[in-house]
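**Student:** Please find one structure pasted underneath; my questions will follow.
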Amino acid sequence: MATISVTLKVWRQKSRNDSGRFETYFAKDINTEMSFLEMLDVVNENLIREGKEPIAFEHDCREGICGSCGLYVNGRAHGPLKGTTICQVHMRSFKDGETIYVEPWRAKAFPIIKDLIVDRSAFDRIIQAGGFISVDTGSAVEANSIPIPKAIADLAFEAATCIGCGACVAACKNASAMLFVSAKVTHLALLPQGQAERYRRVIKMVEQMDAEGFGNCSNTGACEAECPKSISLTNIARLNREYLAARLVPRQYDN
Amino acid sequence: MFTLDSKIPEGNLADKWKNHKANLKLVAPHNKRKLEILVVGTGLAGSSAAASLAELGYNVKVFTYHDSPRRAHSIAAQGGINAAKNYRNDGDSVERLFYDTIKGGDFRAREANVYRLAEVSVNIIDQCVAQGVPFAREYGGLLATRSFGGTQVMRTFYARGQTGQQLLLGAYSALSRQVGAGTAKLFPRTELLDIVVIDGVCKGIVVRNLVTGKIESHFGHAVLLCTGGYGNVYYLSTNAKNSNCTAIWRAHKRGAFFGNPCFVQVHPTCIPQTGDYQSKLTLMSESLRNDGRVWVPKQKGDKRPPNQIPEEERDYYLERRYPAFGNLVPRDVASRNAKYVCDEGRGVGETGQAVYLDFSDAIRRLGRDVIEQRYGNLFEMYEKITNENPYEVPMRIYPAVHYTMGGLWVDYNLMTTIPGLYALGEANFSDHGANRLGASALMQGLADGYFIIPYTIGDYLARVDFSKKGNTDHPAFKDAEKSATDRLRKLLDIKGKKTVDELHRQAGKILWDYCGITRNATDLKEALEKYRNIREEFWHQVNVPGTGEELNQSLEKANRVSDFLELGELMILDALHRNESCGCHLREEYMTEDGEAIRNDDEYCYVAAWEYKKDGTWDLHKEYLVFENVKLTQRSYK
Ligand SMILES: Cc1cc2nc3c(=O)[nH]c(=O)nc-3n(C[C@H](O)[C@H](O)[C@H](O)COP(=O)(O)OP(=O)(O)OC[C@H]3O[C@@H](n4cnc5c(N)ncnc54)[C@H](O)[C@@H]3O)c2cc1C
Ligand code: SF4
Ligand code: FES
């Protein structure tokens, strides 16, 4: 079993209004089978034993599905592996003696709460504004009465796999949330069930996105490159089309 | 003395729910607005309940310790959700789903509840599809299904290996719609620390704001605990790291009975542990057993790589011992057989604590593309974690704690023994008896939230006094706030030498070794002693840095672990008292020569409902189970 030792430069910030700084920690004899977060656990255990405060970071499933985790590692959202959340990165991806920089997401719309934890509730408010199909419990029709071609269902599914982690925003130099928003708009706009609110939805979600202070999209594609679920840029193209089409529809007609 | 009333309606099994609904009291729309419901938890159970109740017009407040409702542990469910749609024309029906679930649970669940679950299963699929949940489809555009352990029909609906994610996002979107409309109010990063009981009735909750540390109370005419399972009592499990028992445990200590605490499901297909630093175990969906074959070498200590072990020297032990179900035997059977072969010294991998799950036959038969279509993301996940490619070498798997059938005791209306307090989803002692079949937790969570609680809660609320606006002025609120605050302060003041994780890991190991896949009275008695010692040590030796007036993850953890350390004791006591083997609970004293469970229906055909006493002991109440529609048989998957 291989082990490595690494130096960590970790962003520490006590609270939202604190200025924050990098602190240096040494992680010695780390088993390369460990996940990156397990390595942080080990560092934290040592900090606690030394009577210091452990590094606050967000995580839950550690399986790449809940979207809780999210760290900037050596300048990359979710670290070195493509299509992988940081909780699924293992220490075998790092070299012995390496210095690793660990930072929180940085975006105006995601204020830092503590150390590596940021507030991503803006995403929830975008969904609350329109990221749904309005169907009260009990009013659904029989499931197989809505056939959906497999290819369409698969495309909608791909878009729906977004985990809401915010890496797209963090990776973007404009801190744009277009990839996140486009994933939900695409998911619902492709499905027959989503047609009734199709235009209203896209307008509402984009309005909220703007209100939250996310930046504009300038098509650099950093979001797609860093997205752990490989959500495709073509969704952004679709979002733009949907938005334009929605603008052309008289609002009283689609409300 | 208190007698348990399960409130099972009269009448034929098939008519009970229909009749019950017809008899339940209703609340008029203009009165619903005056009623406040507190929903704790935003997994499948909580989100679906909160959304549905807000749609009905109730005033709903929703609490979760996550930063967003979408992060709840339900998001991680992989394999699928059952429903008796019979789209495949393969003989499925409500009756068959009912029977499979009752039998799968080894006849330790209520007939009426399970039948209702099977009945509403079909509505769940309709509801989810209408919300836009992108289930897998056939080329003709209709919904696809697959088979799952413990059944012989294809009734499992799925969305690749991410069914839980898609279902939760559906429920989350329904909830978000209500939050947007102002009918539901969301309190993220807020953890329940206690419930408030006034004159024996639940009237609210005490919560802690996890960012500021502020402790405050909320009044509710009814409180719903949808707070998930307690598998993390073992430290290592497939549950998300933050899953915990605090909500149900504190409710238990305020008077809610705890049902069947020792019924814990160990899932047979998880990625084996690699070291002491291991923080959690990763599940490989049971659906893999549809196409993967489980085997170990026939020879003890055979260290050859798998591809060098010839066919005739492999033991496909599940296919050999259970020809009818083969690799698709229920979870408890698969788990204990994996343990047996490893105990015999035939386990594989570095630690010898693993068996193979081999896809080479399926790949030969169906082609790599088909396998990739079915399990692509699971294979990818496996490779990310282990650095091995399962298309080329067999997966190594081992059982891990996965799901807790036990939980707060509830009646047919999902109400606990405290009036006004309900438990939904994995948090209740559920419809799964002594063992849950795959793909039925998602079904139960959504059944509870979408289709049961919206009916049953009205019957209670129609009787409460809502003429005055509720408030938190009663001293019981201040008392509960104080006891929650004191407990946190005590934890912070210990300043001992051990970390929370260290102690939790030790305590979890005791449970796993003595109260895990197999159990026996001698071990359990020993465990009790050891377990109490660890708890003692915890309260003297734990070190919790920081303060209570800030975001403090160590404090959150310590507080949760302090509850686990009490629950674990009750689990051991429950396991010790149940002198039979049933479902997941395999007592070594009660099994046949070839390792099959021997149930004792004469003495143990009941739900064990434990009542907490102020001095830290428990009284046992028994809800005897009556089977009028199925014959109790020894489960056989041979
Ligand atoms: C890896 C994995 C795969 C699975 N796959 C399947 C599958 O394929 N099919 C299937 O049927 N089942 C599956 N299960 C089981 C199933 O996912 C769960 O039983 C189910 O999702 C539980 O849902 P729930 O709503 O009861 O609770 P959860 O989803 O666990 O939600 C609990 C909620 O309560 C909140 N909460 C808890 N305590 C507090 C507190 N004190 N204060 C505030 N909030 C609190 C949490 O924040 C969370 O929002 C799987 C489980 C695991 C672990
Ligand atoms: S689009 Fe990708 S990066 Fe952005 S939130 Fe979704 S999963 Fe994360
Ligand atoms: S911890 Fe859940 S995605 Fe990383």
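**Student:** I'd like the full set of residues that are open to solvent by 10 Å² or more (accessible area, probe 1.4 Å), within 20 Å of A:Arg12 (Cβ to Cβ) and either within 10 Å of another protein chain (Cβ to nearest Cβ) or within 15 Å of ligand 2 (Cβ to nearest atom) (or both), limited to the range A:87-107.
**Tutor:** A:Arg106, A:Ala107
**Student:** Please enumerate the residues belonging to the range B:208-218 that are more than 10 Å from chain A (Cβ to nearest Cβ) and either part of a helix (DSSP H, G or I) or surrounded by fewer than 24 Cβ atoms within 10 Å (Cβ to Cβ) (or both).
**Tutor:** Result: B:Asn209, B:Gly213, B:Lys214, B:Ile215, B:Glu216, B:Ser217, B:His218.
**Student:** Any residue at all in the range A:71-86 that's open to solvent by 20 Å² or more (accessible area, probe 1.4 Å), hydrophobic (A, V, I, L, M, F, W, C) and either part of a loop (DSSP other than H, G, I, E, B) or within 17 Å of A:Ile231 (Cα to Cα) (or both)?
**Tutor:** Yes - at least one qualifying residue is present in the range A:71-86.
**Student:** Another question, if that's okay. If you check A:Ser121 against the conditions, is it surrounded by fewer than 20 Cβ atoms within 10 Å (Cβ to Cβ) and more than 7 Å from every other protein chain (Cβ to nearest Cβ)?
**Tutor:** Values: surrounded by fewer than 20 Cβ atoms within 10 Å (Cβ to Cβ): yes; more than 7 Å from every other protein chain (Cβ to nearest Cβ): no.
Considered against the rule, which asks whether it is surrounded by fewer than 20 Cβ atoms within 10 Å (Cβ to Cβ) and more than 7 Å from every other protein chain (Cβ to nearest Cβ), A:Ser121 comes out as no.
**Student:** Going by what's in this entry, would B:Glu372 be described as closer than 16 Å to B:Ser285 by Cα, open to solvent by 40 Å² or more (accessible area, probe 1.4 Å) and touching a helix residue (DSSP H, G or I) at 6+ places or on another chain (Cβ under 8 Å)?
**Tutor:** Here the answer is yes, as B:Glu372 does meet what is asked.
**Student:** Could you please tell me which pairs satisfy a Cβ distance under 8 Å, a separation of 6+ or placement on different chains, a first residue in the range B:395-406 that is within 14 Å of chain A (Cβ to nearest Cβ), and a second residue that is away from ligand 1 (no atom under 14 Å from the Cβ) and β-branched (Val, Ile, Thr)?
**Tutor:** Hits for this filter: B:Arg396/B:Val348; B:Arg396/B:Val355; B:Arg396/B:Thr386.
**Student:** From the list A:Glu63, A:Glu33, A:Glu58, which residue is within 16 Å of ligand 1 (Cβ to nearest atom), among the acidic types (Asp, Glu) and modelled with pLDDT under 95?
**Tutor:** Within the list A:Glu63, A:Glu33, A:Glu58, the selection yields A:Glu63.
**Student:** Looking at (1) more than 16 Å from ligand 3 (Cβ to nearest atom); (2) at pLDDT below 95, which one does B:Tyr234 not meet, given that it meets all the others?
**Tutor:** Every condition holds for B:Tyr234 apart from (2).
**Student:** Only one residue in B:Thr246, B:Thr227 is in contact (Cβ under 8 Å) with a residue 24 or more places away in the chain, among the β-branched types (Val, Ile, Thr) and open to solvent by 10 Å² or more (accessible area, probe 1.4 Å), so which one is that?
**Tutor:** B:Thr227
**Student:** Do we have any residue at all in the range B:94-113 that's within 14 Å of chain A (Cβ to nearest Cβ), of a type outside the set (A, V, I, L, M) and in a loop (DSSP other than H, G, I, E, B)?
**Tutor:** Among the residues of the range B:94-113, not one is within 14 Å of chain A (Cβ to nearest Cβ), of a type outside the set (A, V, I, L, M) and in a loop (DSSP other than H, G, I, E, B), which makes the answer no.
**Student:** Hey, could you check the range A:203-244 for residues that are among the hydrophobic types (A, V, I, L, M, F, W, C) and more than 14 Å from ligand 2 (Cβ to nearest atom) and say which is farthest from A:Leu191 (Cα to Cα)?
**Tutor:** Only one residue tops the list, namely A:Ala211.
**Student:** Moving on. Which of the residues spanning the range B:184-207 are touching a residue at least 12 places away in the same chain (Cβ under 8 Å), open to solvent by 40 Å² or more (accessible area, probe 1.4 Å) and within 18 Å of B:Phe466 (Cα to Cα)? Before the answer, list the steps.
**Tutor:** Step one: list which residues in the range B:184-207 are touching a residue at least 12 places away in the same chain (Cβ under 8 Å), which gives B:184-198, B:200-207.
Now drop any that are not open to solvent by 40 Å² or more (accessible area, probe 1.4 Å), which leaves B:185, B:188, B:197, B:200, B:203.
B:Val197, B:Gly200, B:Lys203, listed by residue number.
**Student:** Here are A:Gly138, A:Gly130: which of them is within 11 Å of another protein chain (Cβ to nearest Cβ) and surrounded by 23 or more Cβ atoms within 10 Å (Cβ to Cβ)? Reasoning before the result, please.
**Tutor:** Details: A:Gly138 fails: surrounded by 23 or more Cβ atoms within 10 Å (Cβ to Cβ).
Every option except A:Gly130 fails the conditions.
**Student:** Here's something else I'd like to know. Within the group A:Arg21, A:Arg16, A:Arg49, which residue is open to solvent by 20 Å² or more (accessible area, probe 1.4 Å), under 25 Å from the mean Cα position of the chain (by Cα) and either among the aliphatic types (A, V, I, L, M) or within 11 Å of chain B (Cβ to nearest Cβ) (or both)?
**Tutor:** Answer to the check: A:Arg16.
The values are calculated or read from the model by the stated rules, or taken from the named source; none is laboratory data. Only a predicted model underlies this, so the values are computations on that prediction, with no experimental measurement involved. Neighbour counts run over all protein chains shown; Cβ positions are idealised from the backbone, glycine included. Side chains included, ligands, DNA and RNA excluded: accessible areas come from the protein's heavy atoms. Shrake-Rupley method; radii C 1.70, N 1.55, O 1.52, S 1.80 Å.
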